[in-house]
Structures are given as structure tokens and as C-alpha cells.
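Below is one structure, written out as C-alpha cells; comments come after it.
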Amino acid sequence: MCGRLSQYHGIHDFVAALSMPGALINNVGDQPLGRYNAAPTMQLALFHVAEDKLHADAVRWGWRPHWATDRAAPINARVEKVAHGPFFRQIWPHRAICPIDNWFEWVDEGGPKKRPYLIRHRDGSPILCASIGQLPGQDRSEHKGFVIITADSEGGMVDIHDRRPVVLAPDLAREWLDPATPKESAEQMVLHQSERPDAFEWFPVEKLVGNVKNQGADLIRIIKNRD
């Protein structure tokens, strides 16, 4: 999974897709989020559960433990290693959902520059990405941040990129967020129960998405004549 995604709907659209009962502590506001071209280090809306309430907070995309000063903060965590490797051990118990509208990948089509492709649900519904992080209200000795869990791509999606976010159906997303869900069950969920490639569609979009300064709905429009 490359480091670009869209999160432009309002938080209540994402809450409706999650279909989670109970109170919402909304710290991101009621207006559309408006991020058509979000990149690492940006603050993105993130769901997590604390004190039996669903929280929506703006959290930095990217995290590393305090001792890993020799590398940039990763934005993704491989599902094969995330539960047991030392790098993410501290935040593995802190489960979250990053709700997005789509993500982007770049494909070599033989031209001077790779072509960006947009990947979204076929039905246009929000995408609920399994995530972990150092979240608001937790240990202040670490910087807040989160990573999206990724897995190997399958089917036709592998032609776009070899990795994909672990996307959970709403019922599984609610279970993932539930602090009562055992860590072992959560691991099996992200290893074996993510949505299949046939739930998604992908198509080429304008190369303007390559510049993170560019925003707006034009970036997510399908193109027919490729330059």
C-alpha cells in the first residue's frame, strides 16, 4: 500500500457505515473532512473505543517507538508480523479503525511516470481499515500516531500493488474495536477475515495526485485518455 488515501466525507458518514451503537465523542467536527490526497504525517480521522464510547480523533498517520530514532515513522504494519514483532508490540493492543473513501497506488505502464490508480469499494461505501496506534488519552511518553495494517494482495489487485490495507466489514470492525475482543481473536481476524479483492474496483486517475499539495474532487475522477 502506497502512502496516499482519501478521507473526504464527514465523520457522520463514516459512523453510519460502522453502524456502531452508543455515544460518539466527536473531536474532528461535523464538516466534510475534505482530504482527497492525504499523505503520511497528516492528521487523519481515526475511530477507537474508550470507556464504552466511540471516539473520533485526528491522529497523525505514522508511528514509531521512542527507541527507533534511526528510521522514519512507518505508516503501515505487515499483518504477518504486527502481533508478535518487537517494533509494534507497544501499540498492538490499541486497536483502531481508519475510515477512508479510497486509496491510491502507482502502476508502471511504460511511460515516463507511473500512473496513479484509485481503489475503492464497488458500491462506493466507506472503507474501514484495521489500524493500531498510540491514541489520545494513552501513554503521554510516546507521540500519538497510528499505522494501517496491510496484507498481501490477491486476485487482480496484485497487478496494481503487492500490498493492500486489511479492510474489515462493519461487523468485524466493531469487534476489532471492542476492547473485550481477545488479542488472539483480533490477530486471527486481520489474518484471515479481511474483505476480498472482488469487493473493490480500481481505475486510473490524473497524475496531479502525485503532488500532495493538490486537493479536490478532480483527483478522484476516472480518466479515459491517458497521457
How many percent of the accessible area of the stretch 1-97 is carbon or sulfur, using a 1.4 Å probe?
51 percent
Cysteines of the chain without any disulfide-compatible partner (other Cys Cβ under 4.7 Å) are C2
Based on the Cα gyration tensor of the stretch 80-223, what are the three equivalent ellipsoid semi-axes, each the root of five times an eigenvalue, rounded to whole Å and given largest first?
29, 18, 15
Net +/- balance of residues flanking N37 in space, Cβ distance below 11 Å, scoring K and R +1, D and E -1
+1
Note: the stretch 141-227, point scatterers on Cα, Debye, no solvent; log10 I/I(0) at q = 0.16, 0.18, 0.19 Å⁻¹ equals -0.88, -0.99, -1.03
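Calculate, for the stretch 140-183, the solvent-accessible area per residue in square angstrom, rolling a 1.4 angstrom probe over the heavy atoms of the protein chains.
Solvent-accessible surface per residue comes out at 45 Å².
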In whole percent, what relative contact order does the chain give with Cα contacts below 8 Å and a gap of six or more residues?
22 percent
Of the accessible area of the stretch 123-223, computed with a 1.4 Å probe and all protein chains kept, carbon and sulfur make up a percent value of 49 percent
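Take every Cα pair under 8 Å in the stretch 97-136 that's 6+ residues apart, average their separations, divide by the length, and report that relative contact order as a whole percent.
Computed over the stretch 97-136, the figure is 48 percent.
Using just the helices of the chain, give the 222 nm mean residue ellipticity in deg cm²/dmol: DSSP H runs with n ≥ 4 each add -39,500 (n - 2.57), and the total is spread over all residues, rounded to 500.
-3000 deg cm²/dmol
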What is the sum of charges, Lys and Arg at +1 and Asp and Glu at -1, for the other residues whose Cβ falls under 11 Å from the Cβ of I100?
+2
Hey, which lysines would be in cross-link range of K213, C-alpha to C-alpha under 26 Å, not counting anything within fewer than 8 residues on its own chain?
K113, K114, K144, K224
For P182, net neighbour charge (Lys/Arg +1, Asp/Glu -1) across residues whose Cβ lies under 13 Å away
-2
Are there any trypsin sites (Lys or Arg not before Pro) in the stretch 136-189 that are in a DSSP loop and have at most 16 other Cβ atoms within 10 Å? List them by number.
R140
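The values are calculated or read from the model by the stated rules, or taken from the named source; none is laboratory data. Everything quoted here is computed from the prediction, not taken from an experiment. Backbone-built Cβ (ideal geometry, glycine too); neighbour counts: all protein chains shown. All accessible areas refer to the heavy atoms of the entire protein, side chains included, with ligands and DNA or RNA removed. Shrake-Rupley method; radii C 1.70, N 1.55, O 1.52, S 1.80 Å.
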